[in-house]
Amino acid sequence: MTDLHWLTLSEAAELLRRREASSVELTQAAFERVARLDREIHAFLTLTQERALAQARRADEMLAGGEGGPLTGVPAAIKDVICTAGVRTTAGSKILEPFVPPYDANVITLLDEAGFVMLGKTNMDEFAMGSSGENSAYGPTRNPWAPDRVPGGSSSGSAAAVAAGMAYYALGSDTGGSIRQPASLSGVVGLKPTYGRVSRYGLIAFGSSLDQIGPFTRSVQDAALVFQAIAGYDQRDSTSAEMAVPDIASALGGDLNGLRVGVPQEYFVEGMDEAVRNAVVTAINQLHSLGAEIDWEVSLPSSPHALAVYYIIAPSEASANLARYDGVKYGYAYQEGASMWENMEKTRRFGFGEEVKRRIMVGTYALSAGYYDAYYLKAQKVRTLIRREFDEAFEKYDVLVAPVSPTPAFKLGQKVSDPLQMYLSDVCTIPVNIAGLPGISVPCGFAPAEDGARLPVGLQILAKPFDEATLFRTAYAYEQAAGWWRERPAEI
């Protein structure tokens, strides 16, 4: 059997169900793929081969006994910001290099119950702060479609692992676009669920009012299966929504007749790459050909302010969340200082990277006496305006559609020395986190590079809070009609 690594999650599950392949075979094939490609791609920080093969053998026993579901025995990768008991979890930072959590995140517990196989932990921008994967303390991840380019961030390793055929699916986290943007740049499907839909228990916090865990997959159907497994109420997360999760995976299909689609003009930003614009417009026209009613004149006037709002709120929350890393309880600790205070100061100086320190300082400044009202409080007020505009839009439209990123994957090193240009990479994704909405990136074409590389482009589909059912229905219909999801990068 050839090319096991290019199967979708659903195809792999079907092979397992029919006993035409074993979980051990899929797992070994995945590790062989990692051994061949990951020296260049650098998607993984930690591999858990022994654990994965034990999980695979257990999954094969379950399947032989007629037990298990669609995720049973299918190998996956986990972003290294999600706690895994007994497995090092670094958040892409030197300050957590020695950290081994004593507990599993809720999503890991749920995946364990579903019979998943964990290949390892994936590379990422440090503490999820970045748009390119270049802020990792352990070196950048490369894009499988063009290894001289970024895969997007901060969930760089998870996106690249799925795009390169090293994992059938992966989990990431999305604070300002960190699932959807790398999914777009790496040519895979990436879902950010509604805030509160998936428990954040065990997710190392960056921006607590913005963070959300979601999957990377090769198809919308696969994303629905993973979403189904990890969504649901968790009493250990005070922001978790006590709502039933609909059976989305089995309800995919049907046409889009009568679906009301709005196209917010503010998301077609100045300076957008023309090939990206054309791919997204072509995708929207395809939705129309599937029966959707398109309104091209939607306006969300406060959305352009979302970037400024985000870069006040997120760093403010980060400065509070990252205060716990002081070298006292766990993680890296500098111990050569003359006093406790010097040790603490140098722990943070040497343990945190430049981008993390930059955001901590911005957040601390925004929260400081005399500036709180001028910055943080004002940002929260504008956040309310952004959310209200989305609420009003969803009274008229079932979904909104927009680009994911204004450009395709850019070259490694191109924006590293210009933080503002890097921040602008998330201009189309950040408003969705500000408002707590569900959003998905679906492959919608390619932008040609000067060197002949084909650079993936993603279509972003948004729905009202907790309406993932409509989100998936729209994304699935488009994906099946357009067919871009079947494209694979050339062998490296």
Could you list all residues from the stretch 433-454 that are closer than 27 Å to PRO144 by Cα, of a type in the set (A, V, I, L, M) and buried (at least 24 other Cβ atoms within 10 Å of the Cβ)? ILE440, VAL442
Would you confirm, using the coordinates I've provided, whether ALA481 is modelled with pLDDT of 95 or more, on the phi < 0 side of the Ramachandran plot and out of contact with any strand residue (DSSP E or B) (no Cβ under 8 Å at 6 or more places or on another chain)? yes
Report yes if ARG88 is farther than 25 Å from ALA183 by Cβ, basic (Lys, Arg), within 22 Å of the chain's Cα centre (by Cα) and modelled with pLDDT of 95 or more, otherwise no. yes
Can you tell me which residues in the stretch 82-101 are outside any loop (DSSP other than H, G, I, E, B), buried (at least 22 other Cβ atoms within 10 Å of the Cβ) and not polar (S, T, N, Q)? ILE82, ILE95, LEU96
Say whether the condition of being at pLDDT below 95, more than 17 Å from ARG488 (Cα to Cα) and not assigned by TED's automatic domain parsing to the domain that holds GLY187 is met by at least one residue in the stretch 426-443. yes
Turns out the helices (runs of 4 or more DSSP H) fully within the stretch 250-358 with at least 1 residues that are of a type in the set (Val, Ile, Thr), over 30 Å from SER219 (Cα atoms) and in contact (Cβ under 8 Å) with a residue 24 or more places away in the chain are 306-321, 340-351
For PRO151, indicate whether it is part of a loop (DSSP other than H, G, I, E, B), crowded, with 24+ Cβ neighbours inside 10 Å and either at pLDDT 95 or above or under 18 Å from the mean Cα position of the chain (by Cα) (or both). yes
Does GLU355 meet the test of being of a type in the set (Asp, Glu) and over 25 Å from ILE179 (Cα atoms)? no
Do we find that ARG57 is at pLDDT 95 or above, in the same structural domain as SER250 (by TED's automatic domain parsing), touching a strand residue (DSSP E or B) at 6+ places or on another chain (Cβ under 8 Å) and surrounded by fewer than 20 Cβ atoms within 10 Å (Cβ to Cβ) in this structure? no
Might you let me know whether the stretch 399-420 holds any residue that is surrounded by fewer than 20 Cβ atoms within 10 Å (Cβ to Cβ), part of a helix (DSSP H, G or I) and either assigned by TED's automatic domain parsing to the domain that holds TYR325 or touching an Asp or Glu at 6+ places or on another chain (Cβ under 8 Å) (or both)? yes
LEU37 - would you say it is surrounded by 24 or more Cβ atoms within 10 Å (Cβ to Cβ), closer than 23 Å to ILE492 by Cβ and at pLDDT 95 or above? no
Within the stretch 425-442, the count of residues that are within 19 Å of GLY196 (Cα to Cα) and hydroxyl-bearing (Ser, Thr, Tyr) comes to 1
Among the candidates ALA167, ALA205, residue that is part of a loop (DSSP other than H, G, I, E, B), closer than 24 Å to GLN480 by Cβ, out of contact with any Phe, Trp or Tyr (no Cβ under 8 Å at 6 or more places or on another chain) and of a type in the set (A, V, I, L, M): ALA167
Flag if GLU392 is closer than 25 Å to VAL245 by Cα, without any contact (Cβ under 8 Å) to a residue 60 or more places away in the chain and surrounded by fewer than 24 Cβ atoms within 10 Å (Cβ to Cβ): yes
Just checking, does the stretch 16-23 include any residue being crowded, with 24+ Cβ neighbours inside 10 Å and of a type in the set (Ser, Thr, Tyr)? yes
Can you tell me which of MET124, MET118 is of a type outside the set (Ser, Thr, Tyr), touching a helix residue (DSSP H, G or I) at 6+ places or on another chain (Cβ under 9 Å), over 30 Å from GLU354 (Cα atoms) and outside any helix (DSSP H, G or I)? MET118
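The values are calculated or read from the model by the stated rules, or taken from the named source; none is laboratory data. In this text, all values refer to a predicted model and were calculated from it rather than measured experimentally. Please note: Cβ atoms are built from the backbone with ideal geometry, for glycine as well, and neighbour counts cover all protein chains shown.
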